[in-house]
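As structure tokens, the structure follows; a few thoughts come after it.
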Amino acid sequence: MESAGKTTDKLSFRRTKISPQLMTWLTFMVMSVALLIWVWLTHQSIPEPNLTTIGLVVLVGLFSFGSNVFDVLSLRRNDLSLREPLMGFEPISAGLLAYLLFPDQRKLAYLIAFVLGFFVARWGINRRKLKKSQKKGLVYLWIGVLLYAVLPSIYQIALEHISPSWLALLRCLLVLVLVTLFFAPKNLAKQLTLRRFNYTVVAGVFYAIGAVVSMYAISIYGVALTMLFLMLGPALRYLSGYFILGENVRRGEVLSSLMLAVIVAMAAFAG
């Protein structure tokens, strides 16, 4: 779902020239509505408010807001395939942090997979000469990666106090409020065309589905195993970058994603 959403976002940047502010705000608006409908249709009980729950939800919202803002700024400047070697560090770093924080998720096969994945992702970093704007985009992406690395562990703790669906919804609502306050699009009536709206609705629905699925995965299987499977994400985005966006995907990048897929399969089987 994440890969489908990123591909749709990149198509929107190319074809509609949408601004990062409008895309971020509208995406979280769509996600919030979609998740609200999901919570209503599935009759999710309202979580009991207390200081711990409120504090964890606020923390999730702040980290998510930061990671998403910097990710969108990077996506606007870089090819989807150019970002993927660094995007591969997201689940690896998140998985390693979870391995350190949660003793019950410590399996040697996972640790070996994350360490090997780190070196494979590092080897697969794109060495093309970057334009000035692309270098700036990679700085944004690094910040987003670092913020994202902490998020799944916060999810794991928060899910002990709140259901996956409600955590996904409250996270989106809080990010939407923060985006509206600090990153709101200007001249909304002029910027919001039907074409931009349609692209963002499609991407937002993909992201909303992915948010719920990932929350349930972390709740049931833990951060380490969930992040292990998310290491397959770059391979999917390379395929979409090549076949849908027509980007120049290098053989080294494809090979590194295939190596990650083999590592994930072996670790999942051994674990």
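With a requirement of 2 or more residues that are modelled with pLDDT of 85 or more, the helices (runs of 4 or more DSSP H) lying completely within region 1-116 that satisfy it span 2-16, 20-41, 51-77, 89-101. When region 88-104 is filtered for residues that are of a type outside the set (A, V, I, L, M, F, W, C) and loosely packed, with under 15 Cβ neighbours inside 10 Å, the ones remaining, listed by number, are PRO103, ASP104. Of the residues SER240, SER219, which is surrounded by 16 or more Cβ atoms within 10 Å (Cβ to Cβ), at pLDDT below 90, in contact with a Leu (Cβ under 8 Å, 6 or more places away or on another chain) and among the polar types (S, T, N, Q)? Being surrounded by 16 or more Cβ atoms within 10 Å (Cβ to Cβ), at pLDDT below 90, in contact with a Leu (Cβ under 8 Å, 6 or more places away or on another chain) and among the polar types (S, T, N, Q) holds for just one of SER240, SER219, which is SER240. Please tell me if MET259 is outside any loop (DSSP other than H, G, I, E, B), in contact with an Asp or Glu (Cβ under 9 Å, 6 or more places away or on another chain) and modelled with pLDDT of 75 or more. For MET259, the condition - outside any loop (DSSP other than H, G, I, E, B), in contact with an Asp or Glu (Cβ under 9 Å, 6 or more places away or on another chain) and modelled with pLDDT of 75 or more - is not met. Scanning region 166-203 for residues that are among the small types (Gly, Ala, Ser) and either touching a Gly at 6+ places or on another chain (Cβ under 8 Å) or surrounded by fewer than 18 Cβ atoms within 10 Å (Cβ to Cβ) (or both) yields ALA184, ALA189, ALA203. Within region 12-37, residues that are among the small types (Gly, Ala, Ser) have Cβ atoms under 7 Å from residues that are buried (at least 23 other Cβ atoms within 10 Å of the Cβ) and modelled with pLDDT under 90 in these pairs: SER12/ILE18; SER12/MET23, counting only partners at least 6 apart in sequence or on another chain.
The values are calculated or read from the model by the stated rules, or taken from the named source; none is laboratory data. Treat the numbers as computed from the prediction; the structure is a model and nothing was measured. Backbone-built Cβ (ideal geometry, glycine too); neighbour counts: all protein chains shown.
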